[in-house]
Amino acid sequence: MKAKRAQNRSYSKIHARAGLGTQFPDIECWENQYPGYVVDLSFPEFTSVCPKTGLPDFGVIRIHYAPKDWCLETKSLKLYLNAYRNLGIFTENVVNRILKDVVRCARPRWAVVEGTFVPRGGLEARISASYGPAPDSDGGCDCR
């Protein structure tokens with residue numbers, strides 16, 4: 001039964017891995033000057049392409065993080081996010097790849113990347129990936 005199910009799938013490993021090996025522009029960071037605060041960035045004009053259908057995926061990407069030693073530089077972040085515009089990649093992979101690259105660059109205390117994608121065929125996708133300990137009820141602010 002399992003083998004038969006796999007044969008009926010129209011999505012392949014190539015589709016699933018599409019875009020994951022892409023070289024993106026570097027996200028630059030600058031040295032943090034203050035402890036104990038959080039940053040919430042929203043990119044409401046995000047677009048990528050479905051690797052199976054070639055149709056565009058429109059959405060909002062939100063990056064919420066607590067800086068440690070480094071902060072994300074927003075111009076380079078914008079250029080990084082715009083590099084997804086014509087890339088065939090599943091939205092789940094988009095959110096996880098952005099988180100991976102943000103963590104690699106900024107090394108935050110914690111980070112959450114959320115993607116909310118415009119409904120296609122009546123289905124809205126909300127995807128969230130996180131790094132580090134979950135924020136406290138005060139947003140993770142250690143304001144001492």
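The values are calculated or read from the model by the stated rules, or taken from the named source; none is laboratory data. Keep in mind it's a predicted model, so treat the numbers as computed, not measured. All Cβ positions, glycine included, derive from the backbone under ideal geometry; neighbour counts span all protein chains shown.
Structure data summary
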quantity	calculated
Where Leu123 falls short, out of the listed (1) within 20 Å of Gly54 (Cα to Cα); (2) touching a residue at least 12 places away in the same chain (Cβ under 8 Å)	(2)
So Leu72, is it under 20 Å from Asn32 (Cβ atoms) and either modelled with pLDDT of 95 or more or under 11 Å from the mean Cα position of the chain (by Cα) (or both)	yes
Qualifying positions in the stretch 82-131 - in contact with a helix residue (DSSP H, G or I) (Cβ under 9 Å, 6 or more places away or on another chain), farther than 26 Å from Lys68 by Cα and not aromatic (Phe, Trp, Tyr)	Leu87, Gly88, Ile89, Ala125
The stretch 108-144 - residue that is surrounded by 16 or more Cβ atoms within 10 Å (Cβ to Cβ) and on the phi > 0 side of the Ramachandran plot and, of those, modelled with the lowest pLDDT	Gly140
Count - residues of the stretch 75-90 that are surrounded by fewer than 19 Cβ atoms within 10 Å (Cβ to Cβ) and either basic (Lys, Arg) or within 13 Å of the chain's Cα centre (by Cα) (or both)	5
Scan of the stretch 9-68 for residues that are polar (S, T, N, Q) and either surrounded by fewer than 15 Cβ atoms within 10 Å (Cβ to Cβ) or at positive phi (or both), ordered by number	Ser10, Ser12, Thr22, Gln23, Gln33, Ser42, Thr53
Qualifying residue in the stretch 4-19 (condition: outside any strand (DSSP E or B), over 20 Å from the mean Cα position of the chain (by Cα), modelled with pLDDT of 95 or more and under 27 Å from Leu81 (Cβ atoms))	no
Count - residues of the stretch 86-120 that are assigned to a helix (DSSP H, G or I) and touching a residue at least 12 places away in the same chain (Cβ under 8 Å)	14
